[in-house]
Amino acid sequence: MSSEQRSQHCKPEEGLEAQGEGALGLVCAQASATEEHEAASSSTLVEGTLEEVPAGSSSSLTISDNTLWSQSSEGISSREEEGTSPDPAHLESLFREALDEKVAELVHFLLRKYQIKEPVTKAEMLESVIKNYKNHFPEIFSKASECMQVIFGIDVKEVDPAGHCYVLVTCLGLFYDGLLGDDQSTPKTGLLIIVLGMIVMEGSCAPEEAIWEALSVMGLYDGREHSVYWELRKLLTQDWVQENYLEYRQVPGSDPVRYEFLWGPRALAETSYVKVLEHVARVNARVCISYPS
């Protein structure tokens, strides 16, 4: 879990280019225990932030299958002169870092598609993002799709198997696209689902202090501006209340006054306790989420 860090100011109007950059810093991504045993070297989903992959530009790191070896040739030659062989672990580490950057690039690309409500094809992804990593597309696409689901609450669904065409839709059948309100750039559906899950686990009625305590474990703090979620208190107590996904009310008879969260009528109509808990369980099984400021 991330420790408390100084908040970085990021205005909502700066758009996806600014706020999306912090979004992949939300992932501290670890594979499930079974996969960790199978392939520890590939357990990282995404590490780092999208600041490494600005919108509309390619990654600064461009290691490919062919160039990986050539970029290390100087070091390899020196080792050969010294009578030592190349370090396979180091080469594997470089290659994994390159794949992770491709995952970050693809997530950013999919977020832009989601924002403008356009479908995406495999051909587009290969041409615009994957490029020299075509042989590794299944792995990159799988990790990027997982990140979209657990962090942003967006499912990547194939609608045309023959044409490999995908649409980006919100998880659990929610109609909320996560782009409403002052901030039109970073989808917030994933966080909404997590908060709904917290309420269920508190017995369908969660004390406000319990919600903030749980969010603080993920690096989200009451009263602190956040680079991705901006005014978090406003998001929970006003925006989602106005959207009828949450109910925020005073605890009857409380002295001093305390407040609590419940599901709003729209959440009750669009999804269910079981679906939300199943989604939260999948998230907890797959990754450890942290939201650095």
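Observations, loosely collected:
- Hey, F137 within 28 Å of N284 (Cα to Cα), modelled with pLDDT of 95 or more and open to solvent by less than 50 Å² (accessible area, probe 1.4 Å) or not: yes
- Of the criteria (1) free of Cβ contacts under 8 Å to residues at least 60 places away in the same chain; (2) open to solvent by 80 Å² or more (accessible area, probe 1.4 Å), which one N244 fails: (2)
- Segment 157-176, residues that are within 30 Å of N244 (Cβ to Cβ), surrounded by fewer than 20 Cβ atoms within 10 Å (Cβ to Cβ), touching a strand residue (DSSP E or B) at 6+ places or on another chain (Cβ under 7 Å) and touching a residue at least 24 places away in the same chain (Cβ under 8 Å): V159, V167
- Of the helices (runs of 4 or more DSSP H) lying entirely inside segment 90-206, the ones with 3 or more residues being in the same structural domain as Y245 (by the TED database) and at negative phi are found at 189-201.
- Enumeration of residues in segment 98-123 that are surrounded by 15 or more Cβ atoms within 10 Å (Cβ to Cβ) and farther than 17 Å from I154 by Cβ: A98, L99, D100, E101, K102, K122
The values are calculated or read from the model by the stated rules, or taken from the named source; none is laboratory data. All figures in this text were calculated on a predicted structure; none of them were measured in a lab. Neighbour counts run over all protein chains shown; Cβ positions are idealised from the backbone, glycine included. The protein model used for the area step is the full one, side chains on, heavy atoms only, and it has no ligands, DNA or RNA in it. Shrake-Rupley method; radii C 1.70, N 1.55, O 1.52, S 1.80 Å.
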